[in-house]
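Asks: Quick one: the structure is below, questions incoming.
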Amino acid sequence: MKKDVLVQVSGFQAMEEESEPIVLIAPGTYYLKNGKHYFLYEEIDEDGEISKNTIKVTQDMVDLIRKGATSSHMVFEKGKENLTYYDTPFGSMLMGITTSAIRFREVSGTHMELEIDYALSMNERHMSDCNIKIDVTARQ
């Protein structure tokens, strides 16, 4: 796949009383190093703050590192709970991420798909069930 890509992130976060769909499309960079797929892209939040995101995909694990006004290092491993701090301008929160499924496939030489099903918890209390889909396509 080409180095210049378009990253589309879409997801769903089902909480007790409401659900929050998310959609993001951003230009990014892709590379393959030591058998690991890397996707790098930036996103801008409602306040105009820029966050730099790195997604690393291996055979059985996905790392999502976000650096900006809010920062986190989320690790997804099927059947495991991983703890991480979600850092905000107002302080840090300890989150648990329990992954139930990871699906990654190279659709073609110009398109890859990643989908993750996981649950979020705070202070050992279930907060939401989530699904995130990431489509990466080579830019023309």
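The values are calculated or read from the model by the stated rules, or taken from the named source; none is laboratory data. Fair warning: this is a prediction, and the values are worked out from it, not measured in the lab. Please note: Cβ atoms are built from the backbone with ideal geometry, for glycine as well, and neighbour counts cover all protein chains shown.
Asks: Among (1) surrounded by 12 or more Cβ atoms within 10 Å (Cβ to Cβ); (2) within 16 Å of Q8 (Cα to Cα); (3) not charged (D, E, K, R), where does S121 come up short?
Replies: In the conditions (1) surrounded by 12 or more Cβ atoms within 10 Å (Cβ to Cβ); (2) within 16 Å of Q8 (Cα to Cα); (3) not charged (D, E, K, R), S121 misses (2) alone.
Conditions tested, residue by residue: (1) among the small types (G, A, S); (2) touching a Cys at 6+ places or on another chain (Cβ under 8 Å); (3) closer than 15 Å to V136 by Cβ.
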{"residue": "Y38", "(1), (2), (3)": "no, no, yes"}
{"residue": "F76", "(1), (2), (3)": "no, no, no"}
{"residue": "E81", "(1), (2), (3)": "no, no, no"}
{"residue": "T88", "(1), (2), (3)": "no, no, no"}
{"residue": "G91", "(1), (2), (3)": "yes, no, no"}
{"residue": "R105", "(1), (2), (3)": "no, no, yes"}
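Asks: Please go through the range 86-99 and pick out each residue that is within 16 Å of the chain's Cα centre (by Cα) and over 26 Å from Q59 (Cβ atoms).
Replies: Just the residues of the range 86-99 that are within 16 Å of the chain's Cα centre (by Cα), to begin with: 86-87, 95-99.
Answer for the range 86-99, where residues must be within 16 Å of the chain's Cα centre (by Cα) and over 26 Å from Q59 (Cβ atoms): Y86, D87.
Asks: So V107 ticks every box in (1) touching a Gly at 6+ places or on another chain (Cβ under 9 Å); (2) under 17 Å from K133 (Cβ atoms); (3) hydrophobic (A, V, I, L, M, F, W, C); (4) at pLDDT 90 or above but one. Which box is left unticked?
Replies: (1)
Asks: Could you count how many residues in the range 71-104 are more than 16 Å from K133 (Cα to Cα), of a type outside the set (F, W, Y) and surrounded by fewer than 15 Cβ atoms within 10 Å (Cβ to Cβ)?
Replies: Of the residues in that region, 10 qualify.
Here's the yes/no breakdown for (1) free of Cβ contacts under 8 Å to residues at least 24 places away in the same chain; (2) closer than 18 Å to V9 by Cβ; (3) touching an Asp or Glu at 6+ places or on another chain (Cβ under 8 Å); (4) of a type in the set (D, E):
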site: E42; (1), (2), (3), (4): yes, yes, no, yes
site: G48; (1), (2), (3), (4): yes, no, no, no
site: L64; (1), (2), (3), (4): yes, yes, no, no
site: N82; (1), (2), (3), (4): yes, no, no, no
site: P89; (1), (2), (3), (4): yes, no, no, no
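Asks: Also, I was wondering about something else. Suppose we filter D63, D117, D87, D47 for residues that are at pLDDT below 90 and of a type outside the set (S, T, N, Q); which single one remains?
Replies: Details: D63 fails: at pLDDT below 90; D117 fails: at pLDDT below 90; D87 fails: at pLDDT below 90.
After ruling out the rest, the residue left standing is D47.
Asks: I'm checking my understanding of the structure. Among residues of the range 27-54 that are over 18 Å from F104 (Cα atoms) and of a type in the set (S, T, Y), which one is farthest from the chain's Cα centre (by Cα)?
Replies: Only one residue tops the list, namely S51.
Asks: One residue is enough: does the range 124-131 have a residue meeting the conditions polar (S, T, N, Q), touching a residue at least 60 places away in the same chain (Cβ under 8 Å), touching a Gly at 6+ places or on another chain (Cβ under 9 Å) and under 27 Å from A26 (Cα atoms)?
Replies: At the first step, the residues of the range 124-131 found to be polar (S, T, N, Q) are 128, 131.
Next, from what is left, pick out any that are touching a residue at least 60 places away in the same chain (Cβ under 8 Å): 128, 131.
Now drop any that are not touching a Gly at 6+ places or on another chain (Cβ under 9 Å), which leaves 131.
Pick out the ones that are also under 27 Å from A26 (Cα atoms) and you get 131.
So far as the range 124-131 goes, yes, one or more of its residues are polar (S, T, N, Q), touching a residue at least 60 places away in the same chain (Cβ under 8 Å), touching a Gly at 6+ places or on another chain (Cβ under 9 Å) and under 27 Å from A26 (Cα atoms).
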